[in-house]
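Remarks on the structure that follows.
Derivation of every value follows stated rules applied to the coordinates shown; laboratory data play no part. The structure presented is a predicted model; accordingly, all values stated were derived computationally and were not measured. Cβ coordinates were reconstructed from backbone atoms using ideal geometry, including for glycine residues, and neighbour counts include every protein chain displayed.
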Amino acid sequence: RGGLAERLCRLQNRERSAISFWRHQCISDAEVPSGNSGVLVVKILEVFEECTMQVAICQQLEQSPALLSPKDAVISTREPMLKVLFARETAAHLKSRPQDVIYIYPPWQKLLLRNTDVPVIMNTYFSQKMLLSEDSEAREKTYGLAKMLIRKNIISLAQPFSLDARDAELPQASPGNQVVCGPQIHDKCDSKQHPLEWRAVNDSLLEMVESQGAVGWREVQVRVVIQRVYCLPAREGSRSHIQGNKPLCATPMITSDPPNVRLCLLVQDAYGMFSEVQLQSLTSAADIEQYCRRWEGKFCCLAGMKVLQRTTRGRALGLFSLIDSLWPPVVPVRVPGQSQDSELMTTNLPPPSFCYILTVQSGEIHVEVDEEEEISNLYQPPAVHGLKEILQMDGCQERCSFWARVLYLRLQTRHSVPINQREIWLFVTDSTLQNVNHSTPKVVAVSVAASCVLSMDITEALSLASQLLFFKDALCGKGRIICVERTVLLLQKPLLCSAAGADLSELPGPVRLDELDSTTQANSICAVRGTVVGVNESTAFSWPTCDRCGNGKLELCPQDRGSIYCNQCSEVVVSPVLKMQLEVFLSCASRPESTVKVKVRQCTEYRLFVLINMLLSLQSYEVQSVLGKEVELWNCYVHSVSSHPNCVALEEIVLL
């Protein structure tokens, strides 16, 4: 606060307000000034654009042409020609063209340059175009809607720094550099058509933003490498909007795609600078795997972009964690302001501190990917690690990629959070964990945040069976793995991935879980063995369900009171599936001092199942008939582990 930046911002705001007020006053007065002291009257002879400024070659008029037409205006022979600079906003307001007469009001300034006789007129914000006759007005109406080509002089950074860059010599006035004034809508180019046929190509994102501004790139395009492809939730669409009568998935554990997701690209230019390009909204993220395989690592040309935001590391930690995983570049990059000779290229550069978020403009050519071109040397494929290696990372959270088999999934149970905004827990393992000793857990919990977009293919696959998934660019560190924005889950292996000593083979045998012991933590899964020492009779109950649809609200058949009827299937249930809820207390040798409470939903031990089933059916069996029965390796989810009282709360689960 109170610094130079804030003072400059206030100054610019006052300047814009003064210009707007002055223009409004000129329109209200609707008078041609005459005899005004300090007013510079010029006649435009030629107009071109250079470094975002409109340059007008003009001649000063000796007398005010208030009562004359522009063609009768007297051209001064004593005064030299003038080079008048108009800012982009001023040029858009004036819409000037050759033969126009412009009044430039103070405080304009004259700059005298060395080695030239043409003075430069600057600070021309207070300028007004004069239409001095009916012919001029008719000409303005006639040509006002016409498209006028303005020559654009592209100045390379190597020119002011006197560098001998290989690509510094760009055409100064070629037809490809002509830009049409006013809006112009292009049809989408054919993928086989070369992008250079109609626009000049740049290789610096920063130079493009500085030269073209934030309103849009219409004249040139920039060539970049696609490092990552992912989907982000659209601003107007989130998981909380997934509602409707149609079921989205066979299981309520996982929600499907948001109705609106935005396809995004993380691109990098030849100077190492990154930008996130937000493309069109998609109705589903189902095609993200196809886009990843086709686009990642390829060159593309961006055009018709506008700057949505300039973000910094402190404002977008998730974005910069992904950028940091791609830094430093795998090949030397160019350095602005230095020679482009290969021996002076360096990778010893600080990581980027800011990033431009780009978005497309309606009706413009957006992204043109050359899918037939080879993979760029600048592309960094995801480095694949084993879960054992990831768990041993002690530093801050960083992006990692890995293969893992999903054994069990669970939805967050906080009722204060809408069901479609809750995080999902995936319990995964791989061969590096199954083959280790007791010091490392055999199963890891992966948190999938609500901001991580899951495709329909993933949700449907996990609803059917256990799947081997590729987790790309997940946040890992300090024993935790989180899937956040810009994390992609894939069913297939990417075309390119660098394996960092990770064993990507299938699991060596049946999945083994860690047995319950003193190191077991909450929100994990484990195997339990022990002896039943108690039953909570007050909370025990059972209910039949339909063996076809799983409906738990069955009714007696109206025609036959001895049969059970399912309203959803509209059929008689011949073989109902009995479900139950029962809490039993176990004595476990692995935790002799703890009270182990297990919520049984579907018993895997047949003998214990028969005994509990008879107990729940209110027959003449005593609880003592269940006590003392041995339990062999129940798969359980750990709800909580407390020391006061010393209790472990478990829930029996069924692995995928």
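Available extension along the chain between Leu491 and Phe21 is 163.2 nm, counting 0.36 nm per residue and deducting the alpha carbon span.
Karplus-derived 3J(HN,Hα) values for segment 307-316, using 6.51 cos²θ - 1.76 cosθ + 1.60 with θ = phi - 60°, are 7, 7, 6, 10, 10, 10, 4, x, 8, 9 Hz; glycine and proline are entered as x. As a calculated quantity, the FRET efficiency between Asn260 and Ser643 at R0 = 60 Å, using C-beta atoms, amounts to about 0.80.
With θ taken as phi - 60° and the Karplus curve 6.51 cos²θ - 1.76 cosθ + 1.60 applied, the whole-hertz 3J(HN,Hα) list for segment 542-554 is 9, 7, x, 10, 5, 7, 9, 10, x, 5, x, 10, 8 Hz, x standing for glycine and proline. Between Ser538 and Glu460, the contour length at 0.36 nm per residue exceeds the alpha carbon distance by 24.3 nm. Between the amide H of Ser524 and those of Val638, distances stay under 5 Å, these residues lying 5 or more places away or on another chain, with hydrogens modeled in the peptide plane. If you plug the beta carbon distance of Glu373 and Val331 into 1/(1 + (r/R0)^6) with R0 = 22 Å, you get a FRET efficiency near 0.85. For segment 570-595, the residues whose backbone nitrogen is under 19 Å from a point 7 Å from the Cα of Asp547, taken along Cα to Cβ, are 570-580. Over 21 Å between Cα atoms: which of Lys442/Lys599; Lys388/Lys472; Lys83/Lys306; Lys388/Lys478; Lys83/Lys129; Lys553/Lys629 fall into that group? Long pairs (Cα-Cα over 21 Å): Lys442/Lys599; Lys83/Lys306; Lys553/Lys629. Extension gain for Arg88 to Glu6 (0.36 nm times residue separation, less C-alpha to C-alpha distance): 27.2 nm. Computed from label points 7 Å out along Cα-Cβ, the spacing between Asp517 and Met53 is 7.5 nm.
Would you mind getting me the FRET efficiency between Glu630 and Leu308? Use the beta-carbon distance for r and R0 = 60 Å, nearest 0.05. According to the calculation, E is roughly 0.40.
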